[in-house]
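Have a look at the structure below, then the notes.
The values are calculated or read from the model by the stated rules, or taken from the named source; none is laboratory data. Since the structure is predicted, the reported quantities are computational estimates derived from the model, not experimental observations. Cβ placement follows ideal geometry from the backbone for every residue including glycine, while neighbour counts extend to all protein chains displayed. Quick note on the areas: whole protein, heavy atoms, side chains included, nothing else; ligands and nucleic acids left out. Shrake-Rupley method; radii C 1.70, N 1.55, O 1.52, S 1.80 Å.
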Amino acid sequence: MTSTSHTMEHVELFFKSIFIDNMVFATFLGMCSYLAVSKKVSTAVGLGAAVIFVLAITVPLNWLLDQYILQEGALVWLGPEFAAYDLSFLSFIMFIATIATMVQLVEIVVEKFSPALYNSLGIFLPLIAVNCAILGGSLFMQSREIATFGLALNYGVSSGIGWFLAILAIAAIREKIRYSNVPAPLRGLGITFIITGLMAIGFMSFGGMLTGGDEETVNEETTVNVQPEAEQLEQVENSDDTAVLAETN
Amino acid sequence: MGLLSKKDANLILDPLTDNNPITIQVLGICSALAITAELEASIVMAISVIFVLGVGNVVISLMRNIIPSKIRIIVQLIVVATLVIIVDLVLKAFAYELSKTLSVFVGLIITNCIIMGRFEAFALGNGVWKSFLDGIGNALGYGVILIIVGFFRELLGSGTLLGIPVLGDPIAKTGLYSIGYENNGFMLLSPMALIVVGIIIWIQRTKNKALIEDN
């Protein structure tokens, strides 16, 4: 029973970070690169993949730092006299240093061992060191008090996937909207903001996903149904776009 | 403007309107939107960014000749992180409730693109006084948008400004509420921040046609 509830915890966190607490739509993290690099689907995919990659590395790493160095009493493994230390005021500087170093390191390693991957991800890596989504991932990991290393890894990957989905969706919409008759002052940035707002409203409907009932079985059903729902949503959005397209043509 | 030459004054005034960091340069949106549901939080955020960017630009400008260009990103991040820790500790000491509201978004000033953007684009190549003005100007431009968004979201969303009811009492039905006005709770939700900024961009570009971009 404990193992199933453990799995449930993972599944819940996974879907929660992708849909309910989506980095872009719920907390506006990484908006700068989200707006700047979403003109084409291909580049958006590259950046999204790089974000998943870097979040999957930095969140668990910063979790270890937080647990064994930064938290109040975390230094107790050095000896009982260290129990009173609370270094949490250093977390900003430690987290950002870890992120900057890891990004640099990942860039070097990827360049050395996989030139193909480097060609597709490489140009985005330096951009990512200052992406709010990456630091935000670590800071939310800390403030939400994620309990285990496994959950931290899960959180990093799933919030990365959420970000990836968001930038993929907006890039696809922006590619299509080029053919629509948008009022001149709204073109480009303005309409992107408003579309993102509307998408965020859409994503709010996922909020009911994990509060469906107090029985575990109910929870399981709701989480299973999520995937097709998301696809339907995208299809609906696409068909809306084509309708607009048809009208303008 | 005895103290400031015309060129210096432009460093401050340009980012307020035609070169606004949020609506034109598209920088620093990440931390801008999540905390604008209340005017007070927006103002505190604006002041924090003014402090960090003003001081940070001066520090980077002072060190610009001794920073090796290969590790400049890390140096910049350390400078910002230090300043943000100061802001965070000050907020925790003097405005604890507010620092709870802002939660991780104080920390996210570190990766606020405006800050890195101004360090890279300005402070690394200009003198101390100019960098200071540029920092203050851009942070003000950011703050203005934040305060406008915060103003409308709090006014329309909860009928208050800085926590003070200005439209009357919704329960006792006084003021505007006596003629059937209702608060629009939707304004308090995060998506509306995006739409309000979209509308600000729309208005700004309608007034200044030169800013209109291609699809």
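Couple of notes before you dig in:
- A:Arg144-B:Thr17 FRET efficiency (beta carbon distance; Förster radius 30 Å; 0.05 resolution): 0.15
- Rounded to the nearest 20, the Cβ-based charge dipole of the protein assembly as shown about its Cα centre (Lys and Arg +1, Asp and Glu -1) stands at 2060 debye.
- Dipole of the protein assembly as shown computed with +1 at Lys/Arg Cβ and -1 at Asp/Glu Cβ about the Cα centre; of B:Leu27, B:Leu176, A:Ser42, farthest Cα towards the positive end is B:Leu27.
- Leaving ligands and nucleic acids aside, the A/B contact buries around 3700 square angstrom of accessible area in total at a 1.4 Å probe radius.
- Counting all C-alpha pairs of segment B:1-126, share separated by more than 17 Å (%): 60 percent
- The amide H of B:Leu161, built 1.01 Å from its N in the peptide plane, has B:Val166 as neighbours under 5 Å, considering only residues 5 or more places off or on other chains.
- Long-range Cα-Cα pairs in the protein assembly as shown (distance over 32 Å), rounded percent: 43 percent
- Since only B:Phe152, B:Met187, B:Gly54 are under comparison, the one whose Cα sits farthest along the positive direction of the charge dipole of chain B, derived from C-beta charges on Lys, Arg, Asp and Glu, is B:Gly54.
- Average partner coverage of A:194-200, which counts Cβ from other chains inside 10 Å: 6
- With viscosity 0.692 mPa s and temperature 37 °C, the Kirkwood radius over alpha carbon pairs of segment B:67-215 converts through Stokes-Einstein to a diffusion coefficient of 175 µm²/s.
- Per-residue average of Cβ from other chains inside 10 Å of A:21-31: 5
- Heavy atoms of the protein chains alone define the surface here; on that basis the protein assembly as shown has 46 Å² accessible area per residue at 1.4 Å probe size.
- Cα long-axis angle, helix B:39-63 against chain B (0 to 90 degrees, to the nearest 10): 0 degrees
- Extending 7 Å from Cα along the Cβ direction at B:Thr206 and again at A:Phe113 yields two label points whose distance is 5.6 nm.
- Calculated from backbone phi, Karplus (6.51, -1.76, 1.60) coupling profile of segment A:166-175 in Hz, x at Gly/Pro: 4, 6, 5, 5, 5, 5, 5, 5, 5, 5
- Neighbouring Cβ atoms from other chains, within 10 Å of the Cβ of residues in B:64-74, number 1 on average.
- When the charge dipole of the protein assembly as shown is built from unit charges on Cβ atoms (+1 for Lys and Arg, -1 for Asp and Glu) and taken about the Cα centre, the candidate among B:Ser69, B:Ile85, B:Val196 whose Cα reaches farthest toward its positive end is B:Ser69.
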